[in-house]
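Derivation of every value follows stated rules applied to the coordinates shown; laboratory data play no part. Note that the structure is a prediction, hence the values are computed from the model and not measured. A quick note on method: Cβ atoms are made from the backbone with ideal geometry, for glycine too, and the neighbour counts reach across all protein chains shown.
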Amino acid sequence: MQYGLDRPMVTQFFEWLGSALQLDFGRSFYFQNTVMELVGERLPITLKLGAMSLLLAVAVAIPLGVAAALYRDTWVDRLALLVATIGQAMPNFWFALALIVVFSVGLKWLPVAGNASWQNFVLPAVALGYYAMPSLMRLTRAGMLDVMGSDYIRTARAKGLSPARVVFKHALRNAIIPVVALAAVELGFMLGGSVVIESVYSLQGLGQLAWDSIARNDYPVVQAVVLIIATFYIALTFVADVLNAALDPRMRTR
Amino acid sequence: MSILLDVKNLRVDLPTERGMLHTVRGIDFQVRRGEMLCLVGESGCGKSMTSLALMGLLPARARRSADRLQFDGIDLQAQDERGMSRLRGARMSMIFQEPMTSLNPSYTLGDQLCEALRAHRKVTAAEARERALYLLERAGVPQAADRLRQYPHQLSGGLRQRVMIAMALMCGPDLIIADEPTTALDVTIQAQILRLIRELQQEFGTAVVFITHDLGVVARIADRVAVMYAGEVVETAPVDQLFDQPSHPYTQGLLRCIPVRGKTLPGSRLQAIPGVVPSLVGEVQGCAFANRCSQVRPACSVAPPFAEVAPGHAVRCVTAAHPATLAEVA
Amino acid sequence: MTTTSLPLPGTAALAALPVPAWRRTLRRAAGHRGLLIGSIVLGLAVLAAVLAPWLAPHDPFAQDVTQRLIPPVWHERGTWEHVLGTDKLGRDYLSRLLYGARVSLVIGFVTALVAGLIGTTLGVLAGYFGGRVDAVVSYVITCRLAMPVVLVALAMASLVGGSLKVVIVLLSLLLWDRFAIVTRSATQQLRDAEFIAAAKSLGASTPYILVRELLPNLMGALTVVATLEMAHAILLESTLSFLGLGVQPPTPSWGLMVAEGKAYMFFQPWVIMIPGVVLAVLVLAINLVGDGIRDVAAPDGRH
């Protein structure tokens, strides 16, 4: 009665939606706190994880993509594509575990669990970010290959600019536009996929909350988390479009 | 006037699926300081490849060789990429055909102009900007100060080409290679740009290799002309001599195609040159023009050497070199 | 083929005909290394799965507490009796691996098929009819794209309870988006093509056009998407099983095997390494096949 579960489904849904828009998701079945309190506690951790993962993915993908494009069809290119193909084939939960075995236990470089310091985030960030790296790298490579054949690159070389300047100042600036947009979208996927990683590394983030709540049938929390992440997805897709437009000066003036 | 650019037996080969394409097959020419040399020929004759070969901007798979390729005494073949980068933009610049795509859309014109100078000289941003402004004004760009802050897409084709010309002059080079800079422009703008190039060339004393397929352009601005056909230079001469006394049958054929005011009678036919250019994949036997030449002789089955027929006037033709059997020019 | 002594009229002309397109494609396919390797590996996997009952040295469900956690044969304590060792309940790993291949491949194929049906139907309808149909389908696609797949799958699976069938149904209902998007845009492009107009002018009915004229032209793109989604489904199933909401024990699923081995991974790493590597290899093979088909079918390199 208290939860209004006796009223028809449709009414319940719209009531929920109305409250949700005011950020009132009700109370958790399991905890005493409101859902918003729980989410507020966990969201920063997941966001931190997501940001680090994206940073790592981009930090690897862009140089690799540029190198693959510049040394097309050489071993550099083939190696990059190999890394990308393998990266997309490994299941993330397994890779997460493998990282623990190798780095935490085998080499003892990094801690295993918890979220005390930034070091706790390194392995999870790698485990979450590696899956996004291949598509970002391929897009960078394709963009660079496309751009390097342009007339303005030929002009830049004809001006006597150093090869580094031609590649990084002129070529990359134009090739990177779709990559930035894709990165925004990938961040959304990472937020959604954080469930597995947080569970493996025992990080008290949003994904872990969702997972535990699913196990405990704590529906208000589950609904709230799914909605929040879906909203992030949509918001990030929008951000991607905005970035696309903002980075291309042809769109800016006029 | 001393010789600035000395090219002897330049060859450019491009490996293709069908075999090795000999785009440039041993050309000789020279450019003196402050001189305007027009390199004229039809599409596919190798003139663009020549320009890229000089600048060291050939595609990676192309192969270049020459007996001599000297710029102001510097052996261009001995330069590695870094050496060429030092020369490019600073001592030899290039202007391309397509102003619409030759500028980076993501940077302002000012940025692109100034970087052309600052890549080679230690100048402050303000000094570079000053020079850019000066050259833009000399190039006839109105509201030059505003233009520096604008992006390429905000300018018309003609204006962009003026910017390209200014950019080529930023470091005060000794040589500018202009690859059909007016071909992609409106006819009305073409004349303006041509005049501009000629004026700037004479004012700054820059030598120019002007590549074109239009004999009208040649007549208007050239000091000397080199006619290219099928990867070879078939005739070089001072511009007046070329039009008055064309020696190579191809040059003669070209001139016959153009109506000349005062000479061509109304109602008379313009004569096109029959036949097609031979394929340059694989070796060409003998003279490349032989299959289309009205003055062909058995001796033409051997590739004719480049020989002087008058001071400063050289021809690659057996018939022209031995005028005893020269046919009447129409 | 016997040769005739006299050339029949017209045979010379026939001999001059160009090689049919499909044969050229086949030739290109044979030369594509990735496609070849992927196909071979995938073929072997399918073979192993189909022949599992004959290939498996032991019953994958047979537990033997005395044989717990024996390492693989390359370890000092390993034996040839259990080539890849045993798990915590003494079950032979190799046998479980082979039967687990069945689970993965079945889920992969069936999901790709059903999701393909759903997605292609939606996509073709939207692309061909446009207008309101397109608006509705596009809206549905957008809603689907806004959903975090893993979370939703987990939530749904917890509601209904995990099992092989549930996983297949769930994933089929979630993985159709790319099919729909690709077929929609391809149909839009082909909608105004001449052969469609020709069929219409001959009085062909709409269903006929859609199935007999349009669909064959979509097959290339569809095959590529199908392989990618198959790989996607296999990875998702293993994730679900790993979290306990997919295939339930004692059915062997590679994801489940990793989960079961998690507690022992520090001292017996092979327990998680082996299924993980096998999963990666299978997914890799499928991806190679998908990429290969795309390269071969569109050799002008549409990046």
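The table for this structure:
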read-out	value
Considering only chain B, percent of DSSP beta bridges that pair antiparallel, nearest 5	65 percent
Per-residue Cβ neighbour rank within 10 angstrom, fewest leading, A:Lys48, B:Lys122	B:Lys122, A:Lys48
Equivalent ellipsoid semi-axes, chain B, via Cα gyration tensor eigenvalues times 5, rooted, Å	36, 23, 18
Cα-centred dipole magnitude for region A:36-253, charges only on beta-carbon of K, R (+1) and D, E (-1), debye, nearest 20	980 debye
For region C:65-96 versus region A:210-254, the gap between their alpha-carbon centres in whole angstrom	46 Å
For region A:36-253, with +1 on Lys and Arg beta carbons and -1 on Asp and Glu, the positive-most of A:Leu70, A:Leu247, A:Leu123 along the dipole	A:Leu70
Unit charges on C-beta of K, R, D, E only; dipole of the protein assembly as shown, Debye	980 debye
Pairwise centroid distance, computed over Cα atoms, of region C:270-294 with region A:117-172, Å	27 Å
DSSP beta bridges in the protein assembly as shown [antiparallel fraction, %, rounded to 5]	65 percent
Normalised per residue, the volume of the convex hull around the Cα set of chain C (Å³)	203 Å³
Among A:Phe103, A:Gly50, A:Asn174 the positive-end extreme of the charge dipole of region A:36-253 (Cβ point charges)	A:Asn174
Per-residue mean of C-beta atoms belonging to partner chains within 10 Å, peptide B:165-178	1
Greater than 25 Å apart at Cα, pairs in A:Lys159/B:Lys47; A:Lys48/C:Lys88; A:Lys169/B:Lys47	A:Lys48/C:Lys88; A:Lys169/B:Lys47
Rg and Dmax [Cα atoms of region C:200-268; Å; Rg one decimal, Dmax integer]	21.5, 72
Net charge contributed by nearby residues that have their C-beta within less than 12 Å of B:Ala62 (K/R +1, D/E -1)	+3
Chain C: DSSP helices with Cα axial extent of at least 18 Å and average Kyte-Doolittle hydropathy no lower than 1.0	C:33-50, C:93-129, C:215-242, C:270-297
Folded to 0 to 90 degrees: helix B:157-169 orientation relative to chain B principal axis, Cα	80 degrees
Rg and Dmax [Cα atoms of region B:195-330; Å; Rg one decimal, Dmax integer]	16.0, 49
Label-point separation, C:Phe266 to B:Met84 (7 Å along Cα→Cβ), nm	6.0 nm
Pairwise centroid distance, computed over Cα atoms, of region C:124-147 with region B:16-67, Å	55 Å
Dipole-positive endmost among B:Ala53, B:Thr188, B:Ala310 within chain B (Cβ charges, Cα centre)	B:Thr188
Ratio of the Cα radius of gyration of region A:36-253 to 2.2 N^0.38 Å, where N counts its residues	1.16
Between helix B:109-118 and chain B: long-axis angle, C-alpha atoms, 0 to 90°, nearest 10	80 degrees
Å³ per residue enclosed by the Cα convex hull of region C:138-294	133 Å³
Helical contribution to [θ] at 222 nm, DSSP H n ≥ 4, -39,500 (n - 2.57), averaged over the protein assembly as shown, rounded to 500	-17500 deg cm²/dmol
Equivalent ellipsoid semi-axes - Cα gyration tensor, the protein assembly as shown, angstrom	66, 34, 28
Per-bin percent of Cα-Cα distances, region A:215-254 [5 Å]	6, 20, 15, 13, 11, 9, 8, 7, 5, 3, 2
Dipole magnitude (debye, nearest 20) for chain B, charges at Cβ of Lys, Arg, Asp, Glu	220 debye
